[in-house]
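Shown next, in structure tokens, is the structure this report addresses.
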């Protein structure tokens, strides 16, 4: 068994290892490695370095060992893909890896609207390839591609020898329609050929040669008749479904935490409203939730607080809720002995209750978030933890704002073992929890865009002059905004926030996602619409960072799902380099 995934850069250790695996397979097949392979990591970091977008796919087993790879040069303007390399490890039995990679490349090219997949294949006739052994190998490759309907162009000068080069073994130009019925016209193919010869082979192809070859592609263009596969291609048209989906984990136990009291807006219907829009979108892949040890929570929250929360919730009678009502600010060294009274010792407000299921639901939300974090560490570009209860108001030793454990902060601490982490909180309310947790740390940058605490919960934190302390000074950024804010005004603040994230040069981005900046949200005063959330997603995705998104607020259920769908559509499009 193996899986195929796209490698965007060499930021994560898992991707660095994959790139080394790709280079090792290349050396298995070829005596000398071109500069393009040796500098593959740099090409991925600067994807338009050669005026093509370099795209790398790897097939790897459960241990992360690379079994094969495909490198595609993509032109998003002309809308075509050029398959530069396709190779499998020699010791890997069968043709399954190569076929799966080729089908994956076809699907990806089709999903972004490419007009065709082009590539080169060495000749299988005696005139073009005098070596009989090599000719048989070339014929096997051409037979493989014919099964998908891909065949060489004929009647052109593409195989014409390049002046000054001794070799006569020049490749065919192959074309795969990706299952489309319409054959391309010569003007489009001439643009493709010129792009390939000038950008890929510009060092060896003089302008006169390029012009001659390009001019030889004249209508009506023809492909060679089937030579190796007698029947028409059985391959189905490439899938329209995006293959590089967002990993999504959902708290399957969130609804056990249901506070049926008037005015309690953090209700189970929020998850249903979001799922109803996201699941049909084709952008997501559901991932089973794993269980994680409690130590991941106590790495961020005080053990005394965690133990209290567990005991107190277990002692609340079924169907009842305990609300904090005594706050011992005068003598914090002497917490009340009665658990219900002690709630105020660990809470920041009077409207976040303890009940029999709060601890269980909150712990499962942490499991969801860490599962999504592991997806990012495994190479997934974007992962989304759709959880409730939310978490960004939970501090090191306090709950509040409907939050018990800080899901995003727990994941950020977990991910910080693999590199620097930036947290960009885009909830309407200040992320006081991660500010408290990371205030004296320099390895996790916390940025929060929120309503000014002069009028917005939690009222006592979120001011611009709270910038961290000790080693963390300058690594806590608060951006309080006025009571009225439309999408254009918000994007100006987001642009400043993203600039600070970029300066930090993080390995991974964590986004506590609040959808409460939306127009009409009962807990906010701003006026963002669906198009604004999509624009925000595009701006964040343009950072091209491995990104974990964790659900926080958002309480206007009529628009909650639509706004979430637009945000992720923009985020994914920008992360994949779509213009």
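Laboratory data are not the source of any read-out in this text; all were calculated from the coordinates shown. Everything quoted here is computed from the prediction, not taken from an experiment. Reconstructed Cβ throughout: ideal geometry from the backbone, glycine too, with neighbour counts over all protein chains shown.
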> Which value in deg cm²/dmol, rounded to the nearest 500, describes the helix-derived mean residue ellipticity at 222 nm for the chain, given -39,500 (n - 2.57) per DSSP H run of n ≥ 4 and division by the residue count?
Replying inline: -10000 deg cm²/dmol
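Could you calculate the contour length gain from residue 503 to residue 27, that is, 0.36 nm times the residue separation minus the distance between their Cα atoms, to one decimal place in nm?
Working: separation 476, 0.36 × 476 = 171.36 nm, distance 3.69 nm.
Contour length minus the Cα-Cα distance gives 167.7 nm.
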>> Based on the alpha carbons, how large is the Rg to Rh ratio for the chain when Rh follows Kirkwood?
In response: 1.07
> In which sequence would 248, 479, 160, 423 go, from the one with the fewest C-beta neighbours within 10 Å to the one with the most?
Replying inline: 160, 479, 248, 423
> Counting other C-beta atoms within 10 Å, which of 249, 156, 525 has the fewest, and how do the rest follow?
Replying inline: 525, 156, 249
>> Cut-off 16 Å, label point 7 angstrom out along Cα-to-Cβ of residue 134: give me the residues of the stretch 149-180 whose amide nitrogen falls inside.
In response: 159-162, 165-172
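Calculate, for residue 557 and residue 291, the FRET efficiency according to 1/(1 + (r/R0)^6) with r their C-beta to C-beta distance and R0 41 Å; round to the nearest 0.05.
Numbers: r = 30 Å, r/R0 = 0.72.
Efficiency for this residue pair is about 0.90.
Where both residues lie in the chain, what percent of DSSP beta bridges are antiparallel, nearest 5?
On the way: 33 of 68 bridges.
Bridges in the chain are about 50 percent antiparallel.
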>> At 0.36 nm per residue, and after removing the present C-alpha to C-alpha distance, how many nm does the segment from residue 125 to residue 16 gain when stretched out fully?
In response: 35.2 nm
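Calculate, for residue 542 and residue 298, the FRET efficiency according to 1/(1 + (r/R0)^6) with r their C-beta to C-beta distance and R0 30 Å; round to the nearest 0.05.
Values: r = 36 Å, r/R0 = 1.21.
Here the calculated transfer efficiency is 0.25.
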> Which of rounded, prolate, oblate describes the stretch 82-237, given a ≥ b ≥ c as roots of the alpha-carbon gyration tensor eigenvalues and a/c under 1.5 marking rounded, otherwise prolate only if a/b is larger than b/c?
Replying inline: oblate
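Would you mind classifying the stretch 431-579 by shape? Square roots of the alpha carbon gyration tensor eigenvalues, ordered a ≥ b ≥ c; an a/c under 1.5 is rounded, otherwise it is prolate if a/b is larger than b/c and oblate if not.
Details: a/c = 1.91, a/b = 1.16, b/c = 1.64.
Taking the square roots of the gyration eigenvalues as a ≥ b ≥ c, the stretch 431-579 is oblate.
With a cut-off of 8 Å between alpha carbons and a minimum separation of six or more residues, what is the relative contact order of the stretch 332-474 in percent?
Values: 230 pairs, mean separation 25.9, N = 143.
With pairs under 8 Å counted, the relative contact order is 18 percent.
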> Distance from the Cα centre of the stretch 421-465 to that of the stretch 282-313, in angstrom?
Replying inline: 21 Å
> How many angstrom lie between the C-alpha centres of the stretch 145-215 and the stretch 479-505?
Replying inline: 47 Å
> When the distances between all Cα atoms of the stretch 405-512 are binned every 10 Å from zero, what whole-number percent does each bin get?
Replying inline: 16, 51, 29, 4
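Could you work out how much longer the chain between residue 320 and residue 230 gets when fully extended? Use 0.36 nm per residue separation minus the Cα distance between them, nm to one decimal.
Values: separation 90, 0.36 × 90 = 32.40 nm, distance 7.32 nm.
Gain on stretching residue 320 to residue 230: 25.1 nm.
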>> Using Cα-Cα distances under 8 Å and only pairs 6 or more residues apart, what relative contact order does the chain have, in percent?
In response: 10 percent
>> I'd like to know how the stretch 116-191 sits against the 2.2 N^0.38 Å rule of thumb: what's its Cα Rg over that expected value?
In response: 1.18
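Sorted from fewest to most neighbouring beta carbons within 10 Å, what does the list 121, 403, 368, 313 look like? Kindly include the intermediate steps, with their values, before the conclusion.
Numbers: 121 19, 403 26, 368 29, 313 22.
With the fewest neighbours first, 121, 403, 368, 313 line up as 121, 313, 403, 368.
What number, in percent, do you get for the relative contact order of the stretch 3-223 if the mean sequence gap of Cα pairs under 8 Å and at least 6 apart is divided by its residue count?
Across the stretch 3-223, relative contact order equals 15 percent.
Using a Förster distance of 56 angstrom, determine the FRET efficiency expected from the C-beta separation of residue 496 and residue 183, and round it to 0.05. Before the final figure, lay out the partial values.
Details: r = 50 Å, r/R0 = 0.89.
My answer for the efficiency is 0.65.
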> Expressed as a whole number of Å, what is the distance separating the alpha-carbon centroids of the stretch 514-579 and the stretch 359-399?
Replying inline: 18 Å
